[in-house]
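The numbers here are math on the coordinates, done by the rules we state, and not lab data. From a predicted model like this one, the values you see are computed outputs, not experimental measurements. Positions of Cβ are backbone-derived with ideal geometry, glycine not excepted, and every protein chain shown enters the neighbour counts.
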Amino acid sequence: MLSILPLGCYGSDLENKKCISMQLTPSTVIDTGSLMSSLDIPQLLEVQNIILTHSHFDHIKNLPIFADFKLSLGSNSFTVYTTETIMNQVKEHIFNDLIWPDFTKLPNSKKPTIRFQPIEFDKPFTLDGIEIIPIRVAHVVESLGFIFRKDGKAVAYSGDTGVCDDFVNYINDIPEVKTICWESSFPNRLERLAVVSKHLTPSMLGHELEKINRLCSVYTFHLKPNLENEIVMDLKSIQTKMKITPMRQKRPIIAE
Ligand SMILES: [Zn+2]
Ligand SMILES: [Zn+2]
């Protein structure tokens, strides 16, 4: 079965609404916005692979703490899958022995806590039996979306993105995709802000949906938690035959 469990599915932190972390399997997680506060210790110890969509704080937030957790428990190292550019951004600006220790050299360089594994756009790789296709999406920094594919089913995951024809084209070219996780960060009222920060509003998402060549189930995420009610109202006004459901934390999304 192919599924995604949202641990945190919001574009910020507010009360119980948490930054982005999505569990693909017990050992593989996309982004670390809310990793530490969502899993218990045995579950955290099981996590071996982190896929990072981009360098923004809401997505890397728990990565430094997770590294410290793994090292202090004497646990095995873990692997971070991301592009070389994003890897260098995170190394230079977080694991620089100033903001946080360099966990790519701790406890020693031969057996470090964090191993970075560079991935490339459009070059599929496999984790836990799931084929993962990295897609370059349209955000203000280099950013990844994905197609996840297993057993004849596939899920498209937008990451943080504005209007992005590459993402649409991938979905249209892969007929197994019938489930899409698509960001919807701001209400229609804040479209200017969405455009400059390269995110989507429900109205912009509606235009993207018109480009898709089949009916899919769409799960929206990365909503700003303080604007959630307004965004959900705007989502309801999208004219489409597709079923649109705002993602809920801890409610699994199962590939159709
Ligand atoms: Zn974000
Ligand atoms: Zn972002």
Problem set entry | Of the GluC sites (Glu not before Pro) in the stretch 67-169, those whose Cβ has at most 13 other Cβ within 10 Å and which sit in DSSP loop | E120
For this session: Looking at the chain, send over the antiparallel percent of its DSSP beta bridges, to the nearest 5.
Result: 45
Exercise. By average Cβ neighbour count within 10 Å, what is the ranking of 169-181, 150-162, 37-49 from highest down?
Worked result: 150-162, 169-181, 37-49
Exercise. How high is the FRET efficiency between K91 and I41 when r is their beta carbon distance and R₀ equals 30 Å, given to the nearest 0.05?
Worked result: 0.65
Exercise. What is the gain in length, in nm to one decimal, between D166 and E84 on full extension, counting 0.36 nm per residue of separation less the C-alpha to C-alpha distance?
Worked result: 27.5 nm
For this session: Give the calculated FRET efficiency between K111 and V196 to the nearest 0.05, with a Förster radius of 41 Å applied to their Cβ-Cβ distance.
Result: 0.40
Exercise. Does the stretch 1-90 classify as rounded, prolate or oblate by the C-alpha gyration tensor (a ≥ b ≥ c root eigenvalues; a/c under 1.5 gives rounded; else a/b over b/c gives prolate, otherwise oblate)?
Worked result: rounded
For this session: Rounded to the nearest 10 degrees, what's the angle between the helix 63-72 long axis and the longest principal axis of the chain, both from Cα atoms, 0 to 90?
Result: 30
Problem set entry | the chain - Debye-derived log10 I(q)/I(0), Cα point model, q = 0.10, 0.15 Å⁻¹ | -0.46, -1.04
Problem set entry | Low-density loop positions, chymotrypsin sites (Phe, Trp or Tyr not before Pro), the stretch 9-93 - DSSP coil, at most 12 other Cβ in 10 Å | none
